[in-house]
2 protein chains.
Amino acid sequence: MATKLTEIARQAGVSVSVVSRVLNGDPTVRAREETRQRVLQVAKDLNYTANYAGRALRLARSNALALITPNVSSPLFADLLAGATEAAEAANYTVLIGLADTIAAGSDTLRRLVGEGRVDGFVLQRHDDLSDQALESLVANDARVVLVTSRTPGRRGSVILDDVAGAKLATQHLISLGHKRIALIGGVPHSDIARRREHGYALALHEAGLRRRESLVCRLGYTPEAAESAVEILYAGTPRPTGVVVANVNGAIGALTALRRLGVDVPSEISVVAYHDEWVAEHTWPALTTVKMPYYEVGAQAVRSLIDQLSGKPAQDIVVREPPPQLVLRSSTAPPKEP
Amino acid sequence: MATKLTEIARQAGVSVSVVSRVLNGDPTVRAREETRQRVLQVAKDLNYTANYAGRALRLARSNALALITPNVSSPLFADLLAGATEAAEAANYTVLIGLADTIAAGSDTLRRLVGEGRVDGFVLQRHDDLSDQALESLVANDARVVLVTSRTPGRRGSVILDDVAGAKLATQHLISLGHKRIALIGGVPHSDIARRREHGYALALHEAGLRRRESLVCRLGYTPEAAESAVEILYAGTPRPTGVVVANVNGAIGALTALRRLGVDVPSEISVVAYHDEWVAEHTWPALTTVKMPYYEVGAQAVRSLIDQLSGKPAQDIVVREPPPQLVLRSSTAPPKEP
DNA sequence: CTGAAAGCGCTTACAG
DNA sequence: CTGAAAGCGCTTACAG
């Protein structure tokens with residue numbers, strides 16, 4: 001545990017330089033194989049792990065990065081985190097989690113974290129409400145950031161889902177069941193994520209030769225409550241939809257609640273398909289048909305991309321297309337009664 | 001950002017010793033007020049933050065701690081994390097998150113984290129399946145651990161919920177509605193958490209003069225699937241329950257699914273109350289009556305307790321009783337049809 | 001009241 | 001092939 005390099009050196013009968021070089025696999029070390037083995041053995045016997053602070057101080061690098069998110073409490077985020085953690089581990093990095101609500105816009109928490117050398121960079125998932133401007137004020141002109149899920153004009157360094165393909169797939173599913181009046185319960189208007197999903201929805205309608213009606217599109221956001229309101233608005237207007245694409249699974253759960261309250265049966269009177277799959281989708285009533293997106297890969301890619309950036313490579317804007325969006329059929333979708 | 005102590009010293013025209021002492025509020029510093037102010041001003045102007053590695057190396061302390069959990073993807077955990085984060089921040093600590101599944105039993109990940117000085121200690125939430133033995137193998141005889149939610153004989157240092165009171169409250173709610181045949185869908189038998197909750201259930205029955213029937217108690221665990229099985233078993237036997245306490249909200253969601261499949265109406269034919277409140281409980285059908293437990297406080301207490309322990313105070317075993325368990329009435333409970 | 005200096009554990013250019 | 005030494009940025013006992 002608390003073994004030090006000098007202790008290994010002493011027991012192996014060599015200098016600390018050699019120990020350090022052998023342990024780090026320094027290619028310039030041309031120690032005799034015998035010496036090398038002895039050092040390795042002693043280190044193993046003593047259960048040596050390099051002191052983190054010593055190394056960080058010397059290297060001016062923490063080998064840690066922070067994942068900042070507005071919402072840890074989602075299975076979606078858990079996937080992202082798992083991907084990020086594994087990619088980080090593979091590169092010998094540690095992941096630190098920051099809650100975005102602790103980080104008020106305009107605060108310097110992020111700058112401090114890297115300023116004091118706690119982390120080398122960030123993977124940042126912004127809140128839907130965080131404007132491009134507020135985002136910039138947080139990260140300033142700092143290049144040590146990779147945006148995740150969302151991107152913003154004028155800043156390179158992002159890893160996002162293929163939202164167009166995902167939303168298109170969801171919409172096409174309803175189309176293939178025979179639906180013609182398909183509503184969209186989408187995100188807030190200024191969100192780039194929401195815009196991409198709406199684009200996928202529009203694309204599917206267009207390719208099927210279906211008319212896109214503005215009255216069938218609601219842009220109130222991804223919370224259950226927002227989706228409840230959206231359903232009420234949709235049902236107050238005419239023509240009513242026979243199917244609805246909800247651009248987020250949480251919203252879909254709210255939509256089911258609202259439909260139940262209105263006495264509308266799913267799926268016989270209206271079909272509901274949600275963007276994103278998570279375990280509760282199996283346990284709603286009826287169980288939700290969803291489109292599953294590769295969150296794990298987004299997390300992993302983001303970390304890899306950040307580490308590349310830290311090592312000086314130019315920032316990339318990546319769309320994760322593998323594995324592709326996948327339709328998970330459950331019980332909330334069916335052909336329309338009167339097509 | 002990358003300002004150093006020497007730079008401040010230079011600009012303020014004093015030695016680094018003075019700067020360090022002033023900035024750390026060292027009481028032995030008897031610098032002139034004027035000097036003190038000048039130093040503070042320069043530090044502020046330069047936006048100084050102490051280099052983390054330098055300090056950690058010198059102090060042999062990372063001021064970081066790890067929160068290890070089997071499951072980040074739960075609003076429950078989010079509360080715990082929020083509590084832990086705020087308490088940590090107040091004490092100038094950083095919280096690092098570890099996923100327990102990355103940490104195989106018998107692995108030395110934990111020991112390495114403290115071995116290399118990345119963190120000073122742990123808050124550890126064990127998985128239900130992790131035996132006392134496996135737990136010990138992970139943390140060894142390390143005192144820098146506070147167990148959270150669960151405890152284990154022979155190890156001090158834990159912060160748990162008042163499971164007895166919580167489960168008792170849930171059971172009493174059904175009793176007060178007039179139920180007499182009340183089932184328990186509990187955790188796995190070897191879990192201390194499960195035992196406490198079962199105790200609370202038994203206590204409520206006992207105090208109400210109701211008979212406790214072994215055939216009405218299932219101990220399959222907290223997953224939705226386990227609870228589905230439990231419902232099937234309960235409905236295969238006689239007498240059937242008119243009410244059921246599910247010792248975890250995820251289980252309750254599974255129970256609702258199983259009851260729906262069996263064609264049993266909730267709450268007219270059976271009442272369901274869940275231990276733990278979270279947002280989906282509002283959106284199930286019917287909406288779940290739950291008992292809300294103080295998770296935030298558990299997280300905060302655990303961190304405070306760990307920091308105390310690190311500073312040499314004896315390890316404590318704490319039960320969080322404030323705020324007390326709280327019944328959240330929704331639509332899944334009602335008086336029995338035939339009492 | 002303030003400063004010079006040692007040392008935390010590491011890596012790496014340099015010397016031999 | 002291997003070692004002595006400097007230095008990363010900090011804190012703190014010690015000296016004056």
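See the values below:
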read-out	value
Condition check for B:Leu96: touching a strand residue (DSSP E or B) at 6+ places or on another chain (Cβ under 6 Å), in the same structural domain as B:Asp108 (by TED's automatic domain parsing) and away from DNA strand D (no atom under 16 Å from the Cβ)	yes
Test: A:Ala281 is among the aliphatic types (A, V, I, L, M) and either open to solvent by 20 Å² or more (accessible area, probe 1.4 Å) or not assigned by TED's automatic domain parsing to the domain that holds A:Gly83 (or both)	yes
Residues of the range B:78-93 that turn out to be within 7 Å of chain A (Cβ to nearest Cβ) and either within 16 Å of DNA strand C (Cβ to nearest atom) or surrounded by fewer than 22 Cβ atoms within 10 Å (Cβ to Cβ) (or both), as a count	2
Matching entry among A:Val123, A:Val119 (being within 16 Å of DNA strand D (Cβ to nearest atom), in contact with a helix residue (DSSP H, G or I) (Cβ under 7 Å, 6 or more places away or on another chain) and open to solvent by less than 10 Å² (accessible area, probe 1.4 Å))	A:Val119
Qualifying residues in the range B:23-59 (those that are within 10 Å of DNA strand D (Cβ to nearest atom), open to solvent by 30 Å² or more (accessible area, probe 1.4 Å) and modelled with pLDDT of 85 or more) - the one farthest from B:Val303 (Cα to Cα)	B:Tyr48
Residue that is farthest from B:Leu67 (Cα to Cα), among those in the range B:151-172 that are of a type in the set (D, E, K, R) and assigned to a loop (DSSP other than H, G, I, E, B)	B:Asp162
Unique match (being among the hydrophobic types (A, V, I, L, M, F, W, C) and in contact with a Pro (Cβ under 8 Å, 6 or more places away or on another chain)) among B:Val249, B:Val291, B:Val244	B:Val291
Residue ID - nearest to DNA strand C (Cβ to nearest atom), chosen from residues in the range B:65-75 that are more than 7 Å from chain A (Cβ to nearest Cβ) and surrounded by fewer than 20 Cβ atoms within 10 Å (Cβ to Cβ)	B:Pro70
Those residues of the range A:244-282 which are more than 28 Å from the chain's Cα centre (by Cα) and not hydrophobic (A, V, I, L, M, F, W, C), in sequence order	A:Arg260, A:Arg261, A:Gly263, A:Asp265, A:Pro267, A:Ser268, A:Glu269
Counted residues, the range B:29-64 - those being in a loop (DSSP other than H, G, I, E, B), over 30 Å from A:Ala50 (Cα atoms) and more than 8 Å from chain A (Cβ to nearest Cβ)	5
Residue in the range A:33-52 that is free of Cβ contacts under 8 Å to residues at least 24 places away in the same chain, in contact with a Gly (Cβ under 9 Å, 6 or more places away or on another chain) and closer than 23 Å to A:Val95 by Cα present	yes
Verdict on B:Val266 being assigned to a strand (DSSP E or B), in the same structural domain as B:Pro224 (by TED's automatic domain parsing) and open to solvent by less than 40 Å² (accessible area, probe 1.4 Å)	no
Tally of residues being open to solvent by 30 Å² or more (accessible area, probe 1.4 Å) and of a type in the set (Val, Ile, Thr) across the range B:195-237	2
Cβ-Cβ under 9 Å pairs, at least 6 apart or on other chains, the range A:1-24 side within 14 Å of chain B (Cβ to nearest Cβ) and farther than 9 Å from A:Val42 by Cβ, far side near DNA strand D (Cβ under 10 Å from one of its atoms) and modelled with pLDDT under 85	A:Leu23/A:Leu5
Looking only at the range B:288-313, and only at residues there that are at pLDDT below 95 and more than 21 Å from the chain's Cα centre (by Cα), the one that is most open to solvent (accessible area, probe 1.4 Å)	B:Lys313
Looking only at the range B:3-22, and only at residues there that are open to solvent by less than 40 Å² (accessible area, probe 1.4 Å) and part of a loop (DSSP other than H, G, I, E, B), the one that is farthest from DNA strand D (Cβ to nearest atom)	B:Val14
Among (1) closer than 17 Å to A:Thr284 by Cβ; (2) without any contact (Cβ under 8 Å) to a residue 24 or more places away in the chain - the single one B:Leu259 does not satisfy	(2)
Some residue of the range B:143-150 being open to solvent by 10 Å² or more (accessible area, probe 1.4 Å) and in contact (Cβ under 8 Å) with a residue 40 or more places away in the chain	yes
Within the range A:315-339, tally of residues that are of a type in the set (Asp, Glu) and either open to solvent by less than 100 Å² (accessible area, probe 1.4 Å) or at pLDDT 95 or above (or both)	1
A:Ala43 within 11 Å of DNA strand C (Cβ to nearest atom) and within 33 Å of the chain's Cα centre (by Cα)	no
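The values are calculated or read from the model by the stated rules, or taken from the named source; none is laboratory data. What you see is a predicted model, and the numbers here were worked out from it, not measured in a lab. Here the Cβ is made from the backbone with ideal geometry for all residues, glycine too, and neighbour counts use every protein chain on show. Note: accessible area is taken over every heavy atom of the protein model, side chains too, but ligands, DNA and RNA are not part of it. Shrake-Rupley method; radii C 1.70, N 1.55, O 1.52, S 1.80 Å.
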